[in-house]
Amino acid sequence: MSTYGYFDDNAREYVITRPDTPLPWLNYLGQDEFFGLCTQTAGGYSFWKDAKLRRITRYRYNNNPMDNDGRFLYVKQGRSVWNPGWKPTRARLDAFECRHGLGYSRITGRKDGIEVEQLMFVPPQENLEIWKVSVRNKSRRVQKLSLFSFVEFCSFEALNDMTNYQRTYSIGEVEIEDGAIYHKTEYRERRNHYALFACTRKVDGYDTSRDAFVGVHHGLHDPQAVLAGKCTNSRAYGWNPCGAHQINLTLKPGQEETFAFILAYVDQGDLPKFDAPFVMNKAKGREILKKYSDLAAVDAAFATVKARWAGLLSTYQASSVPNAHLSRMVNTWNQVQCMATFNLSRSASGYETGIGRGMGYRDSNQDILGFVHLLPDRARQRILDIASTQLSDGTCYHQYQPLTKKGNADIGGDFNDDPLWLVLSTCAYIRETGDTTILDAPCGYADKPGSTDSLLHHIETSIAYTLNNRGPHGLPLIGHADWNDCLNLNCFSKEPNESFQTSGDVEGSKAESVMIAGLFLYAARDLVGLYKSMGRDADAARVQGYYDDMLKTVEEQAWDGAWYTRAFDAAGNPVGSKVCEEGKVFIESQAWCVLGGAGRDNGRAKKALQAVEKYLYRRDLGCALQYPPYSTYHLELGEVSSYPPGYKENAGVFSHNNTWIHIGWTMQGDGERALEYYLSICPSAKKDHDVYRSEPYVYAQMTASQFSPTPGEAKNSWLTGTGAWSFVVASQSILGVQPDFAGLRIDPCVPKKWKGFTVTRKFRGVTYTIEVKNLRGRSKGVKSLLVDGVRIEGNLIPLPTDGRTAVRVEATLGA
Ligand code: BGC
Ligand code: NOJ
């Protein structure tokens with residue numbers, strides 16, 4: 001138990017025991033189309049599909065105190081005013097607990113004998129969230145109190161809502177029916193949707209104008225109506241529409257009242273928009289309220305949230321894992337994070353405002369690697385959506401908007417790693433499902449309206465793009481950047497008001513990326529495996545030729561003596577080389593060359609990993625991105641040198657790339673290092689939360705490194721590729737259960753002292769119970785494989801051909 005909370009592993013919850021965590025600790029509600037961000041103090045906002053274009057509630061950024069908008073309940077008890085979630089009043093509570101669970105958060109606060117519990121969740125397939133609220137009199141006397149709800153509406157387009165007051169202060173409209181608040185800003189003209197905020201219980205008052213409820217010179221910490229103990233039944237017309245309800249309660253000792261608030265996004269579909277001039281058709285809204293006015297329906301909806309997660313997680317569960325951190329991450333929290341990154345890419349978190357980046361091309365492809373086992377059909381659709389934002393010359397829109405699925409023209413393309421990630425996501429999907437029909441699915445190219453080129457066409461286009469765009473060393477051209485968005489070798493930016501990543505391309509530059517070369521090796525090897533599994537030997541041989549050729553180039557051009565060079569800049573000078581004064585060793589080229597199979601036969605792979613250990617690794621922090629950090633701005637390198645040393649891409653511990661090194665160690669068969677490195681960035685293993693500050697249950701994108709003044713402080717939690725890749729590391733590389741084209745492969749790499757563990761894996765309709773035994777103290781190498789008692793050569797479990805749906809496997813490590 002730390003100062004701030006603990007894992008309740010059986011309940012699959014993280015329990016926060018005091019509200020003033022070092023940073024807001026976030027959870028996500030929803031996993032289909034309606035999403036909410038929810039912190040331990042009920043902060044956050046909700047949106048439908050797209051945090052920019054369909055924002056339902058508001059959030060004020062860059063605020064202090066942080067995280068001051070949300071799903072608030074106020075209690076007015078005599079003269080005292082408080083929130084069960086502590087904020088915004090921050091009135092001292094007698095007890096506080098927030099349980100962040102899978103797709104729900106349950107906040108319970110108690111003061112002066114009254115306990116309020118607020119359970120927030122989004123029912124599967126519904127476009128709404130429910131707050132189930134219980135108010136309990138824990139005292140020995142009768143208590144009278146008023147409970148107020150509060151949300152602030154957003155006028156749906158979040159950027160406009162935040163910046164264009166000359167218009168937005170004059171468009172707000174609502175309707176109120178029996179205390180149910182219909183937020184219908186812009187509904188009279190082009191919108192066919194509205195938001196609804198209502199209580200399943202009769203209310204004693206409401207407000208829909210923020211000025212009336214909060215007061216122009218008050219704040220959310222002292223809203224006027226709550227102080228007065230009375231809502232004003234205001235009707236917003238312009239300005240800032242909000243939703244607030246008042247419920248007066250008289251509770252006997254021990255008495256409890258339970259009801260629910262519903263916050264819904266309603267699409268009118270084909271229904272007539274109006275019942276009468278200015279009167280919207282509320283049929284759908286009324287239907288929703290009717291459904292959930294029955295608390296049994298609320299409870300049933302919550303039960304489906306829980307059941308759905310239990311079902312999803314049952315696809316991969318490990319037991320008797322000797323390390324508790326790895327166990328809870330791989331079984332629960334890492335998979336939860338994979339769901340969030342899959343759904344939201346890098347759009348909406350405590351660090352992504354939901355108005356900037358939408359879905360990232362490379363990001364979303366990688367997110368699939370950790371998600372595909374959960375819901376393969378959704379992964380399939382996502383792959384096709386992503387591919388459709390590729391252009392016919394092979395380049396890709398770097399980001400796209402989830403609502404429209406259209407590429408974002410501001411950032412454009414030419415991030416030359418982008419095309420290759422599609423190969424990895426597609427192969428991961430086929431390994432999981434065996435469904436090669438995806439390769440024939442038409443998805444077309446963004447610049448060829450109506451085109452129906454197949455996914456396989458995209459994949460070959462991606463491979464060809466890398467092959468055809470190479471520089472003087474024969475290595476792939478980097479374009480605007482590769483995986484490291486901040487290594488901008490072609491954009492020499494001198495102006496503070498322009499993008500490092502896209503401004504001023506250097507004419508005719510031939511800057512090259514070794515990281516992309518390694519990624520190409522990986523992708524080509526994947527594709528060879530796929531073609532072979534389909535019996536397309538000629539294609540396999542062709543792509544193998546590309547692989548061999550690139551491998552030769554890497555070994556001839558990119559070995560720096562003790563590690564792989566990172567890149568060659570626009571002038572042809574090496575980046576990440578012993579000849580550099582700063583930035584001598586970079587992590588990404590070690591990682592991807594090793595992952596792509598370079599250095600395997602000549603000992604360089606091990607040397608590259610050892611260089612990482614020597615220059616970048618710290619057991620308590622993880623691996624910094626490069627060494628030494630850049631102390632000054634380098635025009636020829638770009639944004640990477642813009643951050644202060646030890647932060648972000650300038651030698652921060654960028655968790656995402658650490659995971660590739662973990663895989664590298666398992667390729668070396670070093671189970672001790674694989675686990676030790678894994679734990680070095682594992683949030684559950686972080687001991688001092690005042691130093692680490694971010695959520696202990698999900699990965700953060702970066703931790704300040706030894707080169708900064710605040711080593712160990714994490715930032716940018718939740719939406720990071722670390723989610724997917726860590727799940728790959730733990731589930732496939734360490735515990736060693738690997739989906740392959742022809743079946744499940746068992747190839748663990750564990751510390752020698754681990755005696756064994758068991759994994760239950762649902763795979764292509766069969767439930768495998770895989771017991772791994774390690775009685776001889778090995779790290780790697782399956783010596784014997786028994787499948788339902790029958791000995792199999794090698795480590796691949798063939799797919800059952802006799803209709804068995806449950807298979808027992810015993811894998812013994814040994815020489
Ligand atoms: C960040 C990167 C990020 C990029 C996105 C940079 O400022 O450091 O991590 O990928 O912005 O545009
Ligand atoms: C975060 C971005 O989302 C990702 O695309 C990029 O690879 C890393 N930053 C590293 O720059």
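The values are calculated or read from the model by the stated rules, or taken from the named source; none is laboratory data. For clarity, every value in this text was computed on a predicted model and none was experimentally measured. We place every Cβ from the backbone using ideal geometry, glycine too, and count neighbours over all the protein chains shown. Protein only, heavy atoms only, side chains kept; ligands, DNA and RNA dropped before computing areas. Shrake-Rupley method; radii C 1.70, N 1.55, O 1.52, S 1.80 Å.
Before moving on, here are some points about what is shown:
- Unit charges at the beta carbon, dipole of the chain: most positive-side option, Thr703, Val528, Thr502: Thr703
- Legend: P(r) of the chain from all alpha carbon pair distances, 20 Å bins from 0, whole percents, reading 16, 46, 31, 7, 0.
- The antiparallel fraction among DSSP beta bridges confined to the chain stands at about 95%.
- For the chain, the longest principal axis of the C-alpha atoms and the axis of helix 514-533 are separated by about 90°.
- At R0 = 51 Å, FRET efficiency that the Cβ-Cβ distance of Glu257 and Gln381 yields, to 0.05: 0.75
- Virtual spin-label span in nm between Leu271 and Glu672, 7 Å along Cα→Cβ: 6.6 nm
- When peptides 722-729, 284-291, 783-790 are sorted by average Cβ neighbour count within 10 Å, with the highest value leading, the order is 722-729, 284-291, 783-790.
- Length gained on full extension, Lys578 to Asn63, computed as 0.36 nm times the residue gap minus the Cα-Cα distance: 181.0 nm.
- Ordering Arg58, Arg141, Arg431 by accessible surface, largest first, gives Arg141, Arg431, Arg58; the 1.4 Å probe counts only protein heavy atoms, with every chain in place.
- Comparing Tyr104, Val15, Ile130 along the charge dipole axis of the range 1-138, the residue lying farthest to the positive side is Ile130, per the Cβ-charge model.
- Counting all C-alpha pairs of the range 412-502, share separated by more than 20 Å (%): 49 percent
- Efficiency of FRET between Asn233 and Thr3 - r from beta-carbon atoms, R0 51 angstrom, step 0.05: 0.70
- Label positions at Ser499 and Thr632, each projected 7 Å from the Cα along the C-beta direction, are separated by 2.9 nm.
- The length gained by stretching the chain between Ala297 and Ala571 to full extension, at 0.36 nm per residue less their Cα-Cα distance, is 92.0 nm.
- Extension gain (nm, one decimal) between Asp447 and Ser392, 0.36 nm per residue minus Cα-Cα: 19.1 nm
- To the nearest ten degrees, helix 295-313 and the longest principal axis of the Cα atoms of the chain are 10 degrees apart.
- For the chain, the longest principal axis of the alpha carbon atoms and the long axis of helix 671-680 meet at an angle near 30°.
- Estimated FRET transfer efficiency (Asp222, Tyr165; beta-carbon r; R0 22 Å; 0.05): 0.40
- Each residue, Val506 and Ala538, gets one label point 7 Å from its Cα in the Cβ direction; the gap between the two is 4.3 nm.
- For the range 771-815, the residues whose amide N sits under 18 Å from a probe point set 7 Å from the Cα of Lys755 along the beta carbon direction are 771-779, 811-814.
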